[in-house]
Amino acid sequence: MEPRSMLDRYTRLAPDYDRMMSFWAPLDRWRRRAVAETNIGQGDTILDIGCGTGKNFPFIEERIGPGGRLIGLDYTPAMLEQAARRVEKERWENVELVEGRAEEANRIVKGPVDGAMSWCCLSIVPEWEQAIAATASLLRPGGRFTVYDMRTTKASGLLGWPLTRVIEWWVNHYGVGDVKVDYAVIRPWKATMAKHLTNVTYEEMAFGTLFKCSGERSAAEES
Ligand SMILES: C[S@@+](CC[C@H](N)C(=O)[O-])C[C@H]1O[C@@H](n2cnc3c(N)ncnc32)[C@H](O)[C@@H]1O
């Protein structure tokens with residue numbers, strides 16, 4: 001998706017994004033899990049790529065505590081404005097909101113970070129491979145990068161048809177991009193992560209409509 005249309009879509013969605021997402025509250029258990037799988041603890045620094053309005057922040061704050069540092073990076077100023085409101089309301093003093101593109105994360109974020117995560121962002125980033133490379137390079141050795149995102153299911157028949165319609169509906173309402181291209185199987189998530197990280201895992205959940213891919217920076221590497 002062109003950056004301009006992406007920006008227009010999220011600028012329009014931003015004020016109502018959290019309210020719309022409350023309908024999908026069951027997804028929060030996967031947000032919590034994504035944070036847990038990023039393997040961060042008290043006092044750590046974590047980067048949330050495409051953080052949007054900060055829906056992952058409560059789960060991150062729970063783990064890093066006031067002594068940690070949370071960096072939320074997003075390309076849409078209107079989404080970051082909502083994130084800033086959340087931060088103010090919760091009185092978190094350890095959050096830095098950074099406006100910019102995931103694919104340039106290594107130029108705009110001061111690393112290293114102990115962990116990085118991205119929830120439903122990279123599937124709409126045309127330069128997603130660059131975004132993975134940039135994020136991986138910010139990790140300290142041993143740090144983990146966890147990506148959770150949508151995809152079209154491989155299930156067919158009675159299950160496949162309705163699930164594909166749900167994804168199409170979701171993308172038309174909250175996402176951007178082409179369901180057939182951006183959300184389909186064609187992106188080699190695991191192989192791309194493996195170019196930069198070790199111990200890479202890939203798994204599909206929710207009848208194959210959600211995937212997670214994660215890997216860690218080799219402990220032997222110097223940052
Ligand atoms: C579906 S929202 C997800 C927001 C948040 N991660 C969540 O789980 O609620 C996608 C977000 O990705 C951001 N985004 C899209 N392209 C981006 C890019 N190239 N770099 C950084 N953020 C981007 C959008 O501004 C939007 O906030």
**Complete:** Restricted to region 74-92 and to residues being surrounded by 14 or more Cβ atoms within 10 Å (Cβ to Cβ) and outside any helix (DSSP H, G or I), the residue nearest to the chain's Cα centre (by Cα) is ASP74
**Prompt:** Give me the pairs: first residue in region 191-207 and closer than 14 Å to SER218 by Cα, second residue among the acidic types (Asp, Glu), beta-carbon distance under 8 Å, and six or more apart or on different chains, which are they?
**Reply:** LEU197/GLU216; THR198/GLU216; ASN199/GLU216
**Asked** Can you tell me which of ASP44, ASP74, ASP8 is at pLDDT below 95 and either farther than 16 Å from ARG144 by Cβ or more than 8 Å from the ligand (Cβ to nearest atom) (or both)?
**Response** ASP8
**Asked** Which one of these does ASP18 not meet: (1) within 14 Å of the ligand (Cβ to nearest atom); (2) surrounded by 21 or more Cβ atoms within 10 Å (Cβ to Cβ); (3) not β-branched (Val, Ile, Thr)?
**Response** (2)
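Picking from GLU61, GLU96, which residue would you name as being surrounded by fewer than 18 Cβ atoms within 10 Å (Cβ to Cβ) and on the phi < 0 side of the Ramachandran plot? It would help to see each step written out before you state the result.
Numbers: GLU61 fails: surrounded by fewer than 18 Cβ atoms within 10 Å (Cβ to Cβ).
Unique residue meeting the criteria: GLU96.
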**Fill in**
Counting only residues that are within 14 Å of the ligand (Cβ to nearest atom) and in a loop (DSSP other than H, G, I, E, B), region 93-145 contains a total of 8
**Prompt:** Which of the residues spanning region 35-58 are hydrophobic (A, V, I, L, M, F, W, C) and surrounded by 18 or more Cβ atoms within 10 Å (Cβ to Cβ)?
**Reply:** VAL35, ILE40, ILE46, LEU47, ILE49, CYS51, PHE57
**Item:** Which numbered condition ASN39 misses (of (1) at pLDDT 95 or above; (2) under 21 Å from THR201 (Cα atoms); (3) away from the ligand (no atom under 13 Å from the Cβ))
**Value:** (1)
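Run down ALA133, ALA83, ALA116, ALA105 and say which single residue is more than 26 Å from ARG187 (Cβ to Cβ) and touching a Ser or Thr at 6+ places or on another chain (Cβ under 9 Å).
Working: ALA133 fails: more than 26 Å from ARG187 (Cβ to Cβ); ALA116 fails: more than 26 Å from ARG187 (Cβ to Cβ); ALA105 fails: more than 26 Å from ARG187 (Cβ to Cβ).
Among ALA133, ALA83, ALA116, ALA105, only ALA83 is more than 26 Å from ARG187 (Cβ to Cβ) and touching a Ser or Thr at 6+ places or on another chain (Cβ under 9 Å).
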**Prompt:** For PRO66, all conditions in the list (1) outside any strand (DSSP E or B); (2) within 13 Å of the ligand (Cβ to nearest atom) hold save one; what is the number of the exception?
**Reply:** (2)
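The values are calculated or read from the model by the stated rules, or taken from the named source; none is laboratory data. This is a predicted model, so every value here is computed, not measured. Heads up, the Cβs are rebuilt from the backbone with ideal geometry, glycines too, and the neighbour counts pull from every protein chain shown.
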